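The values are calculated or read from the model by the stated rules, or taken from the named source; none is laboratory data. None of the values given here were measured: they were computed from a predicted structure. Here the Cβ positions follow ideal geometry from the backbone for every residue, glycine too, while neighbour counts run over all protein chains shown.
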Amino acid sequence: MTTDLSVATDLGVLRATVVGAGPPAVLWHSMFVDSHSWERVVPTLSTRRTLILVDAPSCGRSDPLDRAADIAACADAASVVVDEVCSRYGVDRVDWLGNAWGGHVGMHLAATRAAAIRSLVAISAPTFPIDDSLRQKIRLLKPLYRLIGPRGPVRSAIEDGILTEHTRATDPEAVAVLRDALAASGKHMITAIDTAILNRTDLAWAARAITCPTLFIATEDRGEWSLDQAQAVVDTMTGAVATTVLAARVIPALEQPAETAQKISAFWNRIDEGQDHR
């Protein structure tokens, strides 16, 4: 059975779908998709956790952003969601599972509200800002995005950036998840691009400040965030580990759900064996 959750924040009302049983885990997805991008891992993960599948601002059923924000502002909004979840379920901490945008939000939140985050899984979430070449590419695409929306060359560029060539050729359901999310957000996605990509800052400070058990999941095909790069960050942290998922670019829960769910479940199992559920 699924239920809905709506939480008013400074970035508008954030809406979520709730499914599963067990301690609560809040999930925040990557750019260009919405909470449907988790659907392939939900059957496995929902047996261990009550999953709060958040639609980020300007995505899915949540309110569109009325201004560009940044990761810190998103973390403030996420903090309100976490407080609501804790109140509803009678706990003082949640597990956080974030992909890319959601991983960045989770890192900021775990660093600044340590008491509220029981564990962190950050998937395909580089701790450093985007490089100049990608920044320039996005800035060139934005005027076309405003003109025609997520269609034609704009959509093709996004699909190429998010999904591997193999997935685009052989997995129409995965492609449909991305396309449906883009269509639902429309031109509101542009403000989210500014918020989560162009305004992304260095989060190395946050990684060093995190004290909860942390799992970084890198992917084989996202050139800007390799396992070696993730491991270098882990080496500056306490209680963190890094792993990788092969044959995936940005959203392994969509491209390689079985392996991704297995790695998250194994991490949660270790947490469950070592800590109680407060």
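Remarks
- Unique residue being in contact (Cβ under 8 Å) with a residue 24 or more places away in the chain, among the small types (Gly, Ala, Ser) and either part of a strand (DSSP E or B) or touching an Asp or Glu at 6+ places or on another chain (Cβ under 7 Å) (or both) when the list is ALA75, ALA68, ALA56: ALA68
- The set of residues from the range 146-173 being part of a helix (DSSP H, G or I) and among the hydroxyl-bearing types (Ser, Thr, Tyr) comprises SER156, THR167, THR170.
- Test: SER46 is modelled with pLDDT of 95 or more and either among the hydrophobic types (A, V, I, L, M, F, W, C) or surrounded by 24 or more Cβ atoms within 10 Å (Cβ to Cβ) (or both): no
- Of all residues in the range 120-129, those satisfying the criterion of being surrounded by 15 or more Cβ atoms within 10 Å (Cβ to Cβ) and of a type in the set (A, V, I, L, M, F, W, C) are LEU120, VAL121, ALA122, ILE123, ALA125.
- In the range 137-171, of all residues being among the β-branched types (Val, Ile, Thr) and surrounded by 14 or more Cβ atoms within 10 Å (Cβ to Cβ), the one that is nearest to ILE197 (Cα to Cα) corresponds to ILE138.
To keep it simple, each residue is scored yes or no on (1) at pLDDT 95 or above; (2) more than 19 Å from THR260 (Cβ to Cβ); (3) within 17 Å of the chain's Cα centre (by Cα).
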site: ILE193; (1), (2), (3): yes, yes, yes
site: ARG200; (1), (2), (3): no, yes, yes
site: ALA204; (1), (2), (3): yes, yes, no
site: ARG208; (1), (2), (3): yes, yes, no
site: THR211; (1), (2), (3): yes, yes, no
site: GLU220; (1), (2), (3): no, no, no
site: ALA230; (1), (2), (3): yes, no, yes
site: VAL234; (1), (2), (3): yes, no, no
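- Taking the range 241-257 as the range and being crowded, with 22+ Cβ neighbours inside 10 Å and not in a helix (DSSP H, G or I) as the test, the residues that pass are VAL245, ALA248, ARG249, VAL250, ILE251, GLN256.
- Selection within the range 201-240: residues that are touching a helix residue (DSSP H, G or I) at 6+ places or on another chain (Cβ under 6 Å) and part of a loop (DSSP other than H, G, I, E, B). The member of this set that is nearest to ILE162 (Cα to Cα) is LEU203.
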